[in-house]
Amino acid sequence: MARLADNRNSEPEDFRRQRFDMERELNSRLDQDLKLEALLESLRAPAVVPQPQVQISCLAPAARAVFVAGTFNQWSATATPMARTHNGGWSATLTLPPGRYEYKFVVDGRWCCDPAVNEDAVRQKPPVDWVGNGMGSFNRVVEVGASAAVGGRK
C-alpha cells in the first residue's frame, strides 16, 4: 500500500513537470510565430521609395521675398518660400514625386517666370523650359526624375 501512495504523490509532480515543459515549448513556438508574422508584415509593407529633390532658383537681387508657386502646391503664392543665396539669388529645394510640374516665381507679390527676364522680349522665342499657360503668359516646366536642378541664371 505504501508503494501505491508513493506513485500517487509522484504522478502530480510528473504531470506538473510535463505541463511546464509543454507550456514552455508552446510559448517558444508562439514567439517564433510572432517573429515570423512581423517579418511577413514588413515584407508586405510597401517599400519606401525616396522622392527626388529638385532645386529651383532665380536671380532677384532687389527682392524682399520670393516664393515659388506651381502645380506641386496648388499654385499657392505663399506656400513655398525661397531662401536668399549669394549674389542676389533665391533658391528652394522641393521633394517631389516623379512627374511634370509647371511653376512661376512670386517676387514681392508679382508673378513671373523669371524675374531677370522680360517676358515680352522672349515671347516670340521663349526658353525651352517655358510653356504658354493659356492666360497670355508663360509657366516654367520641370520634369522630375531621379535628380534635377532647374532655375534662372546660374
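Note on region 12-117: Cα Rg divided by 2.2 N^0.38 Å, N the number of residues, gives 2.26. Descending by average beta-carbon neighbour count within 10 Å, the peptides 117-127, 36-46 line up as 117-127, 36-46, the highest first. Average 1/r across all pairs of distinct alpha carbons in region 71-140, invert it, and you get the Kirkwood radius: 13.4 Å. Here region 52-95 is treated as an ellipsoid with the same Cα gyration tensor; its semi-axes, largest first and in whole Å, are 18, 13, 6. Taking region 38-125, which chymotrypsin sites (Phe, Trp or Tyr not before Pro) meet the DSSP loop condition and have no more than 12 other C-beta atoms within 10 Å? Sites meeting the loop and neighbour criteria: none at all.
Tell me the angle of helix 2-44 to the major Cα principal axis of the chain, expressed in degrees between 0 and 90 and rounded to the nearest ten. Once rounded, the angle reads 10 degrees.
Every number here is computed from the coordinates shown, using simple stated rules; none is lab data. Bear in mind that the values here come from a model prediction, so they are computed numbers and not experimental data. Quick reminder, even Gly has a Cβ in these numbers, built from the backbone with ideal geometry, and neighbours come from all protein chains shown.
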